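Visitor: Following this message is one structure expressed as structure tokens.
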Amino acid sequence: MSISESSTTTKPAATGSNGGSLLEVHGITKRFGAVQALSKVQFGVPAGQVTALVGDNGAGKSVTIKTISGLWQPDEGQLLWQGKRVHLRGPRDAEALGITTIYQDLALCDNLDIVQNMFLGHEQVSHGLLDEATMEIRARETLKGLHVTTVRSIRQPVASLSGGQRQSVAVAKAVMAKAKLVIMDEPTAALGVSQTRQVLDLIKRLSSQGVAVLVVSHNLNDVFAVADRVVILYLGQMVAEGPISDFDPAKVVDYMTSGRSNRAPAGDAAGQAESRKEG
């Protein structure tokens, strides 16, 4: 991984209300042979906020997060991390910066327990032996900090966990690795109502702790429940982005399915109604 100061001629990416972005995606283009998967995609991901990345199938969501995660190199454009240009040669480079991606399969080992999964590849050792006591304490404290209270025991196999509990373990693992940006790919896919609520609450807690969260989701109910900002892709291009308060579900669907919307900003109708009341 190499890091260099960003060029002064680079157009700033969109930023959140905090005035700056932890991650900035500038004009990213990605081709696979004759297929152009992304075309000059540009947006910012502020720290301490939840940014939703939405789009129909084939819009480029997966390609975008895999580029941010270092799996694929962009053909054009650049990534800025904390204001500096970065070149990610692989997932390890992204993880070294503090970028953790939780894919739909969660990358957990069913035959291992919660503690073993949370420390997999980063086991604590004391005098040449695994320091089980320290790992248990750290795992328990991390889960407690995220208000994860539904697991029976931190030593139960991951195979015995529900979908929501498995997501909780994956997120706790990222927190313990001191992730600054957690990317979650369809985190509530195939979950029941209570498990979905558990995961959405977990996302809110992450952002409240100052962690940036980039959520890829088809479920607009979930998006509007947790997101501070939304980025909408259509056929590999970013067609809209901004505070979630500027959108409503119908407007987002317009952008997802046609790349444009003629609807008034989400706040206009409420503002007009209030004006009528005052009049």
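Visitor: So for Tyr103, Tyr255, Tyr234, fewest C-beta neighbours within 10 Å to most, what's the order? Numbers along the way, then the final one.
Guide: Values: Tyr103 17, Tyr255 24, Tyr234 21.
Exposure proxy ranking, most exposed first: Tyr103, Tyr234, Tyr255.
Visitor: Which ordering of Phe224, Phe119 is given by a fewest-first count of other beta-carbon atoms within 10 Å?
Guide: Values: Phe224 16, Phe119 22.
Listed from fewest to most nearby Cβ atoms, that is Phe224, Phe119.
Visitor: List the extent of the Cα atoms of the stretch 103-144 along each of their three principal axes, largest first, rounded to whole Å.
Guide: 37, 24, 15
Visitor: Could you go through the stretch 256-262 in sequence order and give the Karplus-derived ³J(HN,Hα) for each residue, using 6.51 cos²θ - 1.76 cosθ + 1.60 with θ = phi - 60°, rounded to whole Hz, and x for Gly and Pro?
Guide: For the stretch 256-262, the Karplus-derived couplings read 5, 9, 10, x, 7, 8, 9 Hz, x marking Gly and Pro.
Visitor: Could you tell me what a quarter of the Cα convex hull surface of the stretch 107-177 works out to, in nm² with one decimal place? Walk me through the numbers on the way to the answer.
Guide: Values: hull surface 17.7 nm².
For the stretch 107-177, the mean projected area of the Cα convex hull comes to 4.4 nm².
Visitor: Something else about it: Taking amide H positions as placed in the peptide plane 1.01 Å from N, state which residues far from Met184 in sequence (5 or more) or on other chains have amide H under 5 Å from it.
Guide: Counting only residues 5 or more places away or on other chains, the set is Ile102, Leu214, Val215, Val216.
Visitor: At Gln82 and Lys204, where each label point lies 7 Å from the Cα along Cα→Cβ, what is the point-to-point distance in nanometres?
Guide: Inter-label distance under the simple model: 3.0 nm.
Visitor: Share of antiparallel DSSP beta bridges in the chain, in percent to the nearest 5? Write down the numbers at each step before the final one.
Guide: On the way: 28 of 45 bridges.
Once the DSSP bridges in the chain are tallied, antiparallel ones form about 60 percent.
Visitor: Pick from Gly60, Gly98, Gly121: which is most flexible by mean-square fluctuation in a GNM of the chain where alpha carbon atoms under 10 Å apart are linked?
Guide: Gly121
Visitor: So for the chain, what percent of the C-alpha to C-alpha distances run longer than 34 Å? Could the numbers behind the result be given before it?
Guide: Values: 9077 of 38781 pairs.
Above the 34 Å cut-off, the chain has 23 percent of its Cα pairs.
Read the figures in this text as sums done on the coordinates, not as results from a lab. This one's a predicted model, so the numbers in the text were calculated from it and none came from an experiment. Glycine gets a Cβ as well: all are built from the backbone with ideal geometry, and neighbour counts include every protein chain shown.
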